[in-house]
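Novice: The structure under discussion is supplied below as structure tokens; questions concerning it will follow.
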Amino acid sequence: MNEISITDINRMAHDEPESFVIDAEAAYDKQLRDLADDICRHAKERPITLISGPSGSGKTTTACRLEQILDAAGFEAHTLSMDNYYADGSRNADIVDQFGRPDYESPLRLDTDLLNTQLEQLARGEAVELPVFDFAAQKQRKSGKILQRKSNELIIMEGIHALNPDVTGDSHAIANRIYLSVRTRITMENERLHPSLIRFARRLIRDHRTRGRAPAESCEMLTSISRGENLYIMPYKHLADYELDTFMGYELSVYRPILLETVRTLAETADRDSGIPMLLRFMEAMQPMEHAWIPEQSLVREFIGGSIFTN
């Protein structure tokens, strides 16, 4: 686990914000390029790349940026979302959490038979018709899109359950397995901000911006999401061949002008153990930054908007 002090963040955000952004983006780009080099070296035997990580870890941008790098290296890549492999909602009516509410994090909600069959077919170069999931109707539908991987092409599949063998089967022989998350703690005096709270800040912004979800609703979902991560994601991260840290040193400084008042309001009623009061203390002490220097392909753009990969 890496650490960076709030003192260092504030100094760079104040003195050299443009360089701060450039250096952080370059460090993440290097992680991706090193990973892409290894994927290319093993492209023949492992044409599938599975990307897993908890909510707010940046799976979508990571997959899309990796696709760009692989394309430029001469290995055309196709990125697929595991979200399209959900089974019909009627089949999942009895999948609930400990409170009797629908458990949307459970891997049992996926059509694992179809997912495994198509991964194996794609690895063999066979044609498949990709599914698409209609979330409004809770129905899996045929997309009409046929994908057949050529010998110099690769498949990237991203989803929170991508490392779970109950979901993706015995994929070790045909797939590279990647786990990504925020793996850096911000320190302030004797406190360390847990990386999950940085992901929570990301989700607060994204959920409000793209899903119309009120901050209080996102806060209420925190327990359920954390439970799902502990049950369905963390137990399998040791199966990853590669781990990526998606932390951007400047990001909390950029989130501060957007989120500070929201987090202040949430902290008024939040339980201390939720971590939200601590998040507030760090945000109040953070040097704010504008987002003018953040490139459109940045992972941070997935959450604040302006990304070329997401809405």
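The values are calculated or read from the model by the stated rules, or taken from the named source; none is laboratory data. Model, not experiment: these values are computed from the prediction. Quick reminder, even Gly has a Cβ in these numbers, built from the backbone with ideal geometry, and neighbours come from all protein chains shown.
Novice: Which one is farthest from residue 38 (Cα to Cα), of the residues in the range 89-119 that are buried (at least 16 other Cβ atoms within 10 Å of the Cβ) and among the acidic types (Asp, Glu)?
Specialist: Out of the qualifying residues, it is 97.
Novice: In the set 200, 247, which member is out of contact with any helix residue (DSSP H, G or I) (no Cβ under 6 Å at 6 or more places or on another chain), in a loop (DSSP other than H, G, I, E, B) and under 19 Å from residue 52 (Cβ atoms)?
Specialist: Step by step, each of 200, 247 is checked, and only 247 is out of contact with any helix residue (DSSP H, G or I) (no Cβ under 6 Å at 6 or more places or on another chain), in a loop (DSSP other than H, G, I, E, B) and under 19 Å from residue 52 (Cβ atoms).
Novice: OK, next. Out of 307, 253, which single residue is in a helix (DSSP H, G or I), surrounded by 20 or more Cβ atoms within 10 Å (Cβ to Cβ) and either small (Gly, Ala, Ser) or without any contact (Cβ under 8 Å) to a residue 24 or more places away in the chain (or both)?
Specialist: The conditions single out 253.
Novice: Further question: Search the range 61-74 for residues being touching a residue at least 60 places away in the same chain (Cβ under 8 Å) and crowded, with 18+ Cβ neighbours inside 10 Å, and hand back the single one that is nearest to residue 299 (Cα to Cα).
Specialist: 61
Residues checked against (1) within 14 Å of residue 156 (Cβ to Cβ); (2) among the aromatic types (Phe, Trp, Tyr); (3) within 17 Å of the chain's Cα centre (by Cα):
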residue: 26; (1), (2), (3): no, no, no
residue: 47; (1), (2), (3): yes, no, no
residue: 53; (1), (2), (3): yes, no, yes
residue: 67; (1), (2), (3): yes, no, yes
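Novice: Please find, within the range 28-75, the residue that is nearest to residue 205 (Cα to Cα) out of those that are assigned to a loop (DSSP other than H, G, I, E, B) and among the basic types (Lys, Arg). Step through it out loud before you land on a result.
Specialist: Filtering the range 28-75 for residues assigned to a loop (DSSP other than H, G, I, E, B) gives 42-47, 53-58, 73-75.
Subset that is among the basic types (Lys, Arg): 44, 46.
Details: 44: 40, 46: 36 Å.
Applying the filter and picking the extreme gives 46.
Novice: While we're on this one: Would you be able to tell me the number of residues in the range 197-212 that are buried (at least 20 other Cβ atoms within 10 Å of the Cβ) and touching a Pro at 6+ places or on another chain (Cβ under 8 Å)?
Specialist: Number satisfying all stated conditions: 2.
Novice: Would you please name the residue that is nearest to residue 237 (Cα to Cα), looking only at residues in the range 126-174 that are assigned to a strand (DSSP E or B), of a type in the set (Gly, Ala, Ser) and free of Cβ contacts under 8 Å to residues at least 40 places away in the same chain?
Specialist: Here is the first cut: in the range 126-174, the residues assigned to a strand (DSSP E or B) are 127-134, 139-148, 153-158.
Keeping just the survivors that are of a type in the set (Gly, Ala, Ser) gives 127, 143-144.
Adding the requirement that they be free of Cβ contacts under 8 Å to residues at least 40 places away in the same chain leaves 127, 144.
Working: 127: 30, 144: 34 Å.
So the residue we want is 127.
Novice: Filter the range 1-25 for residues that are polar (S, T, N, Q), outside any strand (DSSP E or B) and more than 11 Å from residue 286 (Cα to Cα) and give the result.
Specialist: Selection gives 19 alone.
Novice: Write out, first by first residue and then by second, each pair whose Cβ atoms fall under 7 Å of each other, whose residues are 6+ apart or on separate chains, and whose first residue, in the range 88-99, is under 22 Å from residue 113 (Cβ atoms) while the second is modelled with pLDDT of 70 or more and small (Gly, Ala, Ser).
Specialist: Partner pairs satisfying both residue conditions: 95/106.
Novice: Here's something else I'd like to know. Out of 192, 177, which single residue is charged (D, E, K, R), surrounded by fewer than 20 Cβ atoms within 10 Å (Cβ to Cβ) and in a strand (DSSP E or B)? Give the steps one after another, and end with the answer.
Specialist: On the way: 177 fails: surrounded by fewer than 20 Cβ atoms within 10 Å (Cβ to Cβ).
Every option except 192 fails the conditions.
Novice: When the residues of the range 28-60 are narrowed to those that are among the small types (Gly, Ala, Ser), out of contact with any Ser or Thr (no Cβ under 7 Å at 6 or more places or on another chain) and touching a residue at least 40 places away in the same chain (Cβ under 8 Å), which ends up farthest from residue 173 (Cα to Cα)? Don't jump to the end; show me each part of the working.
Specialist: Our first condition is that a residue be among the small types (Gly, Ala, Ser); within the range 28-60, this holds for 36, 43, 52-53, 55-58.
The next check asks that each one be out of contact with any Ser or Thr (no Cβ under 7 Å at 6 or more places or on another chain); those that pass are 36, 43, 52, 55-56.
Checking which are touching a residue at least 40 places away in the same chain (Cβ under 8 Å) leaves us with 43, 52, 55-56.
Numbers: 43: 12, 52: 17, 55: 27, 56: 29 Å.
Of everything passing the filter in the range 28-60, 56 is farthest from residue 173 (Cα to Cα).
Novice: Taking the residues in the range 222-232 that are buried (at least 17 other Cβ atoms within 10 Å of the Cβ) and among the hydrophobic types (A, V, I, L, M, F, W, C) as candidates, determine which candidate is modelled with the lowest pLDDT.
Specialist: Checked the range 222-232; the qualifying residue modelled with the lowest pLDDT is 222.
Novice: Filtering the range 100-125 down to residues that are aliphatic (A, V, I, L, M) and without any contact (Cβ under 8 Å) to a residue 60 or more places away in the chain, which residue is farthest from residue 156 (Cα to Cα)?
Specialist: We begin by selecting, within the range 100-125, every residue aliphatic (A, V, I, L, M); these are 108, 110, 114-115, 119, 122-123.
Subsequent filtering for residues that are without any contact (Cβ under 8 Å) to a residue 60 or more places away in the chain retains 108, 110, 114-115.
Numbers: 108: 22, 110: 18, 114: 16, 115: 13 Å.
Of everything passing the filter in the range 100-125, 108 is farthest from residue 156 (Cα to Cα).
Novice: Let me ask something else about it. Against the condition within 17 Å of the chain's Cα centre (by Cα), surrounded by fewer than 22 Cβ atoms within 10 Å (Cβ to Cβ) and at negative phi, how does residue 216 come out, does it pass? Steps first, please.
Specialist: Working: within 17 Å of the chain's Cα centre (by Cα): no; surrounded by fewer than 22 Cβ atoms within 10 Å (Cβ to Cβ): yes; at negative phi: yes.
So residue 216 fails the test.
Novice: Output the residue which, of all residues in the range 141-172 that are surrounded by 20 or more Cβ atoms within 10 Å (Cβ to Cβ) and either polar (S, T, N, Q) or more than 27 Å from residue 242 (Cα to Cα) (or both), is farthest from the chain's Cα centre (by Cα). Before you say what the answer is, go through the steps one by one.
Specialist: We begin by selecting, within the range 141-172, every residue surrounded by 20 or more Cβ atoms within 10 Å (Cβ to Cβ); these are 149, 154-164, 167-168, 171.
After this cut, where a residue has to be either polar (S, T, N, Q) or more than 27 Å from residue 242 (Cα to Cα) (or both) as well, the list is 164, 168, 171.
Numbers: 164: 16, 168: 18, 171: 21 Å.
The qualifying residue farthest from the chain's Cα centre (by Cα) is 171.
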